[in-house]
Amino acid sequence: MSKISVEGMEFFAYHGCFAEEQIIGNKFIVDIAMDVDTTTAELSDNLAQTVNYQRVYEVIKKEMEIPSKLLEHLAHRIISAVCSGFPTIENVSLKVCKLNPPIGGKVDCVSITMSHPCISTHES
């Protein structure tokens, strides 16, 4: 089992509970780690036999473009989309950080880290 990670993806998006956040937008940083059996790819050196992280980025980018009020909702949607799009992924851990959140004081970011198995998603 291997862990494929894509870290430090930056997006400008419109997530938040305040109306202003959905108008003005904010910067977000997303990290994802995916547990994948890479045994075949290790021997074949063939991209088609592993998770293409460029495609993973595109799936996350698409989900980031859809406004959500809660980071919890956004993270769940991203994990669901990644699990649905990549059947060889067994587990996903995702972190979404909202930079400079409007909470009335100096805060670098707020974040959620969520992990879910993908196996049940593929079997349904």
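The values are calculated or read from the model by the stated rules, or taken from the named source; none is laboratory data. Quick caveat: nothing in here was measured; it's all calculated off a predicted structure. We place every Cβ from the backbone using ideal geometry, glycine too, and count neighbours over all the protein chains shown. The accessibility values were calculated without ligands, DNA or RNA, using every heavy atom of the protein model including side chains. Shrake-Rupley method; radii C 1.70, N 1.55, O 1.52, S 1.80 Å.
Fully extending the segment from E20 to Q49 would add 6.1 nm, taking 0.36 nm per residue of separation and subtracting the current Cα-Cα distance. Estimated at the nearest 10 Å², the accessible area of D108 is 110 Å² with a 1.4 Å probe. Straight-line reach from K27: taking Cα to Cα under 16 Å and skipping same-chain neighbours fewer than 8 places apart, the lysines in range are K61, K62, K69, K95, K98, K106.
Coupling constants for segment 80-93 follow from the phi torsions by the Karplus curve (6.51 cos²θ - 1.76 cosθ + 1.60, θ = phi - 60°), and in residue order they are 4, 5, 5, 4, 5, x, 9, x, 8, 6, 9, 8, 10, 10 Hz; glycine and proline get x. Residues F28, F12, ordered by accessible area of protein heavy atoms at a 1.4 angstrom probe radius and largest first, appear as F12, F28. Label-to-label distance, E42 versus R77, with points set 7 angstrom from Cα along the beta-carbon direction: 3.7 nm.
Of I23, I66, the order by accessible heavy-atom surface (1.4 Å probe, DNA, RNA and ligands excluded), from most exposed downward, is I23, I66. Once you put a point 7 Å from the Cα of E90 and another 7 Å from the Cα of K69, both along the Cβ direction, what distance in nm separates them? Between E90 and K69, the label points sit 3.8 nm apart.
Label the chain by shape, choosing from rounded, prolate and oblate, from the square roots a ≥ b ≥ c of the eigenvalues of the Cα gyration tensor; if a/c is under 1.5 it is rounded, and otherwise prolate applies when a/b is larger than b/c, oblate when it is not. Here the chain falls in the prolate category. Look at the alpha carbon pairs under 8 Å that are at least 6 residues apart: their mean separation over the length of the chain gives a relative contact order of 26 percent. For segment 18-121, the set of trypsin sites (Lys or Arg not before Pro) satisfying both a DSSP loop assignment and a count of at most 13 other C-beta atoms within 10 Å is given as K69, K106. Extension gain for K27 to C109 (0.36 nm times residue separation, less C-alpha to C-alpha distance): 28.5 nm.
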